[in-house]
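To start, the structure itself, in structure tokens.
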Amino acid sequence: MSNDVKESFSSDAPPAPAALAAKVRTLAPSMTRSMQRVAEAVAADPAGCAALTVTGLAELTGTSEATVVRTARILGYPGYRDLRLALAGLAAQQQSGRAPAVTADIAVDDPIADVVAKLAYDEQQTLADTAAGLDTVQLGAAVNALAGARRVDVYGVGASGLVAQDLAQKLLRIGQVAHAHSDPHLAITNAVTLRSGDVAVSITHSGATSDVIEPLRVAFEHGATTIAITGRPDGPVSQYADHLLTTSIARESELRPAAMSSRTSQLLVVDCLFVGVAQRSYETAAPALAASYEALAHRHRAAPRGSRS
């Protein structure tokens, strides 16, 4: 992991205990294997690890004291003592009756009621993790850029393409000039026409999808303000992002591919962006929303009884 990525996840105040599990899930894929062992250990048994000294945790995970301290700092804590305090707090929360941080995978023979319960919990966890890890300073800067944009281009493919359409449609309804692009060729040819005062947004769970990185690069080089919504803040997309918004990385299973969880977290970020822009442009956004509702109102009226559509 680069120093820039470390800095992006550090703040003046250590993360709250409730955010610790989210930090581990988000950052562990970018850590070294030895750091991953430390991170996975503290997430799996916060109570047990909170009782260990730095030497004890290093021995438990087969790493060094320096690795334990570096892992604590990457997770946002000044030192191991601060991490232990957070672990103790997390353990207390879990013992008070909160649901476990990780649920069991959905099995092929699970009853549908269990599937509903597991998916509902996983969706809630994904949203909570994303909210806990979202950098509000970066979010505020992205909102300001979108609110003042002459034009907004949004790039996304696959499931992220659906999220890109959602963002563009939301912005259109409050009077913004916004377009979603899932065709990489059209995305690039449109990005060429962007200038200072325009905004380009790339949505990619992996942070490495070339079809959305390339148009963001072109937009960046032509002076547009660039925003990346990604689950991998250390991915290639970050090279061309003025503002980086990180989503939760949930575990992928055979019956629940990553696209499902990534879409949930991406939609939360999109909603945060939209509401923020609407707040800053309320005098124009509110009438535009009202007009769009009125324009569609007749389509939502029930047809007379006995008629056929």
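The values are calculated or read from the model by the stated rules, or taken from the named source; none is laboratory data. Quick caveat, the model's predicted, so the values are computed rather than measured. For neighbour counting, all protein chains shown are included, and Cβ atoms are generated from backbone atoms with ideal geometry for every residue, glycine included. Remember, those area values only see protein heavy atoms, side chains included, never the ligands or the DNA or RNA. Shrake-Rupley method; radii C 1.70, N 1.55, O 1.52, S 1.80 Å.
Being among the polar types (S, T, N, Q), assigned to a helix (DSSP H, G or I) and in contact with a strand residue (DSSP E or B) (Cβ under 8 Å, 6 or more places away or on another chain) is the filter here; which residues of the range 169-189 pass it? So that I can check it myself, show each step before the final result.
Within the range 169-189, the first condition is being among the polar types (S, T, N, Q), and the residues that meet it are 169, 176, 182, 189.
Subset that is assigned to a helix (DSSP H, G or I): 169, 189.
Residue satisfying the conditions is GLN169 alone.
Being touching a residue at least 12 places away in the same chain (Cβ under 8 Å) and under 24 Å from THR26 (Cα atoms) is true for just one of ALA228, ALA168, ALA219, ALA224. Which residue is that? Even if it seems obvious, please write down each step before you answer.
Numbers: ALA168 fails: under 24 Å from THR26 (Cα atoms); ALA219 fails: under 24 Å from THR26 (Cα atoms); ALA224 fails: under 24 Å from THR26 (Cα atoms).
Sole residue among the options that is touching a residue at least 12 places away in the same chain (Cβ under 8 Å) and under 24 Å from THR26 (Cα atoms): ALA228.
Just one of the numbered conditions (1) in a helix (DSSP H, G or I); (2) exposed (fewer than 11 other Cβ atoms within 10 Å of the Cβ); (3) at pLDDT below 80 is not true of ASP109; which one?
(1)
For THR32, are the conditions met, namely being among the β-branched types (Val, Ile, Thr) and either farther than 27 Å from TYR240 by Cβ or modelled with pLDDT under 90 (or both)? So that I can check it myself, show each step before the final result.
Numbers: among the β-branched types (Val, Ile, Thr): yes; either farther than 27 Å from TYR240 by Cβ or modelled with pLDDT under 90 (or both): no.
No.
Collect the residues in the range 171-207 that are open to solvent by 10 Å² or more (accessible area, probe 1.4 Å) and in contact (Cβ under 8 Å) with a residue 60 or more places away in the chain, keeping them in residue-number order. Before the answer, list the steps.
So in the range 171-207, the residues open to solvent by 10 Å² or more (accessible area, probe 1.4 Å) come out as 172-173, 175-177, 179-186, 188-190, 192-193, 195-197, 205-206.
Scanning the range 171-207 gives ARG173, GLY175, GLN176, HIS205.
Scan the range 21-48 and report the pairs whose first residue is without any contact (Cβ under 8 Å) to a residue 40 or more places away in the chain and whose second residue is among the charged types (D, E, K, R) and open to solvent by 30 Å² or more (accessible area, probe 1.4 Å), with Cβ atoms within less than 8 Å and a gap of 6+ or a chain change.
Between residues of the range 21-48 that are without any contact (Cβ under 8 Å) to a residue 40 or more places away in the chain and residues that are among the charged types (D, E, K, R) and open to solvent by 30 Å² or more (accessible area, probe 1.4 Å), the close pairs are ALA28/GLU40; MET35/ARG70.
Starting from residues that are over 18 Å from LEU194 (Cα atoms) and in contact with a helix residue (DSSP H, G or I) (Cβ under 6 Å, 6 or more places away or on another chain), keep the ones in the range 144-165 and report whichever is most open to solvent (accessible area, probe 1.4 Å). Before you say what the answer is, go through the steps one by one.
Here is the first cut: in the range 144-165, the ones over 18 Å from LEU194 (Cα atoms) are 157-163, 165.
Those left that are additionally in contact with a helix residue (DSSP H, G or I) (Cβ under 6 Å, 6 or more places away or on another chain): 157, 159, 163.
Values: VAL157: 44, ALA159: 29, VAL163: 2 Å².
Applying the filter and picking the extreme gives VAL157.
Which of the following residues is touching an Asp or Glu at 6+ places or on another chain (Cβ under 9 Å), open to solvent by 70 Å² or more (accessible area, probe 1.4 Å), small (Gly, Ala, Ser) and at pLDDT below 75: SER96, SER11, SER2?
Values: SER96 fails: touching an Asp or Glu at 6+ places or on another chain (Cβ under 9 Å); SER2 fails: open to solvent by 70 Å² or more (accessible area, probe 1.4 Å).
Step by step, each of SER96, SER11, SER2 is checked, and only SER11 is touching an Asp or Glu at 6+ places or on another chain (Cβ under 9 Å), open to solvent by 70 Å² or more (accessible area, probe 1.4 Å), small (Gly, Ala, Ser) and at pLDDT below 75.
Please find, within the range 37-74, the residue that is farthest from ARG25 (Cα to Cα) out of those that are in a helix (DSSP H, G or I) and polar (S, T, N, Q). Don't jump to the end; show me each part of the working.
First, the residues of the range 37-74 that are in a helix (DSSP H, G or I): 37-44, 46-50, 54-61, 65-74.
If we keep only those that are polar (S, T, N, Q) as well, we get 55, 61, 67, 71.
Numbers: THR55: 24, THR61: 18, THR67: 18, THR71: 13 Å.
Among them, the one singled out is THR55.
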